[in-house]
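One structure is given below, encoded as structure tokens.
The values are calculated or read from the model by the stated rules, or taken from the named source; none is laboratory data. Treat the numbers as computed from the prediction; the structure is a model and nothing was measured. Cβ placement follows ideal geometry from the backbone for every residue including glycine, while neighbour counts extend to all protein chains displayed.
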Amino acid sequence: MTKKLIPHTRKLTVIAACAFLAACGGGGGSEGGGSEGRYQVITFKYPGGGTLLNPPTTLSATATSGLPVSFRSGTPTTCTVADNKLTLVAAGECLVIASQPGGAGSDGTKWASADDASQLFNVLKHAQVVDFTPPDYALSAATKSIALSATADSGLPVTFASDSPAVCTVSGSTLQLLTKGSCAVSAKQAGNESYKETTTQRFIAVDPLLVADGFQPGGGRGTMNNLHTKQGGNVMVNPWDSALNAGWEWCDASAGDWCYSKVSSDGSTLDSALHIPDTMFTGGWQYGFNRIDIFAPGLSGFNGSGDTVGGLQVTTEKALGFTLGLNADLHASAKPIVVHLDLGKRNNGCNVTLSTLVWAPMSGLVSYGVPLDNFAVTEACGLSGVTTVSLDNDVRKLPNPYDSTGAPVKAAEFKAALDKMAASRASAATLLQSSNVVRTRFWLMDANVDKKTAGIYASDLTIKGAITIQ
């Protein structure tokens, strides 16, 4: 007969833990529970990490004796145990206890009861998602109020609030527009005993300058110059790569399915697709880009003999708003997008260009509000008194402020790089006030990606919804 021994320090640990939790269950052995036999230990796999409303979790524990382990809850108001199934019933701390009372093993060996093993963890409320998609913009000449609607996947009711009461207010589910500006409005689900509180915030531009709000149906292979916005502005889509026949030519209809553009049936989305088959890469130098040019309402191009009239005149507006999407491979390859504002001001046969760089925090569609203050002059066309910076050596060198999760961990570095272009940004602000925006360009200047899916190097750009200066 073997007497079960518990080292003195181990006894103190067990006693302290039990005193703290006030529900540990009895220990084993002649010094703990009175039984005698060979010493055994329980290994109890951590069952935490679950949330309310999740299916029951199967508990898992083993004893060195090989004898079966049973479970019980030390906090039955928070979690319950039936056989080896753990069910979470309320938010708070859950204590689960695993026991093995000892006995004879399959070979006849007598085992003493094991010290209970326990796991303590927090039970969290179930997360919920609030789907809230108000309009991107509102024109007060057309309406002074907007009916808001939102749903939570929990099925619980949603309430609304204005986060910018000087611009807009909320009464129930009705949004009242007060003045020009950016209206921040939140849809909140307060949660209950099972669901945690969730708030989704959206921004509505009130009386912005409207670049475009959707596109006329169309599309086709290669470079397209016959598309238009719903506001009558010309659209040029140019996905291009030198891998085509290993020469310098535009991506045209001869490229087949790997180079095309299309507009969704409702006109809300424009895709410019550049899908380069692996077989097109034969080694050596290769370059590509993907570019979408969108003219201001009613304009199809620039005046070739002087300043372009019309376009959009910036007064108190502060940001360029748009929703842009990158495919997963393109995002993983860390490819930013150059954004240009081409002005109506013409000199020496060219138009003044302002530029900035946009890094996507994640793949898929992302809504941006890029400060106009971020733009610097990259083409002054010989105008005096204008400070310029290099598109390639300054703007395109702005660092990525996001980590792989989309967190802005290097926002300070991005701002510091912007600050080095302060003089040119000041020139851009002056030119925006004295000229007009004729064309907005979204330009992936290096479309070659480091990753591929199913033998295809995909460098797609997607624009959805309204493009505004607000």
| note | Out of (1) over 26 Å from Ser404 (Cβ atoms); (2) in contact (Cβ under 8 Å) with a residue 60 or more places away in the chain; (3) in contact with a strand residue (DSSP E or B) (Cβ under 7 Å, 6 or more places away or on another chain), the one Gly310 does not meet is (3)
| request: Starting from the stretch 392-407, take each residue that is surrounded by fewer than 13 Cβ atoms within 10 Å (Cβ to Cβ) and list its partners that are of a type in the set (D, E, K, R), counting only C-beta distances under 9 angstrom and pairs at least six apart or across chains. | output: Asp403/Lys410
| task | Within the stretch 429-470, track down each residue that is in a loop (DSSP other than H, G, I, E, B), polar (S, T, N, Q), within 23 Å of Ile276 (Cα to Cα) and modelled with pLDDT of 80 or more. | result | Ser459
| note | Of (1) exposed (fewer than 15 other Cβ atoms within 10 Å of the Cβ); (2) on the phi < 0 side of the Ramachandran plot; (3) small (Gly, Ala, Ser), Ala150 fails just (1)
| message | Can you find a residue that is surrounded by fewer than 20 Cβ atoms within 10 Å (Cβ to Cβ) and in contact with a Phe, Trp or Tyr (Cβ under 6 Å, 6 or more places away or on another chain) anywhere in the stretch 437-446? | response | yes
| Filtered residue count, the stretch 107-124, keeping only those that are in a loop (DSSP other than H, G, I, E, B) and surrounded by 18 or more Cβ atoms within 10 Å (Cβ to Cβ) | 5
| message | Can you report the number of residues in the stretch 146-193 which are farther than 21 Å from Gly369 by Cβ, among the aliphatic types (A, V, I, L, M) and not in a strand (DSSP E or B)? | response | 3
| Being within 20 Å of Glu317 (Cα to Cα) and either assigned by TED's automatic domain parsing to the domain that holds Val370 or out of contact with any helix residue (DSSP H, G or I) (no Cβ under 9 Å at 6 or more places or on another chain) (or both), is that true of even one residue in the stretch 443-455? | no
| said: at negative phi, among the charged types (D, E, K, R) and touching a Ser or Thr at 6+ places or on another chain (Cβ under 9 Å): is that true of Lys144 in this structure? | reply: no
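A quick yes/no check of all residues on (1) crowded, with 21+ Cβ neighbours inside 10 Å; (2) among the small types (Gly, Ala, Ser); (3) at pLDDT below 90:
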| residue | (1), (2), (3) |
| --- | --- |
| Gly233 | yes, yes, no |
| Ala253 | no, yes, yes |
| Cys259 | yes, no, yes |
| Ser272 | yes, yes, no |
| Ile276 | yes, no, yes |
| Thr282 | no, no, yes |
| task | Report whether or not Thr77 is surrounded by fewer than 19 Cβ atoms within 10 Å (Cβ to Cβ), modelled with pLDDT of 95 or more and part of a loop (DSSP other than H, G, I, E, B). | result | yes
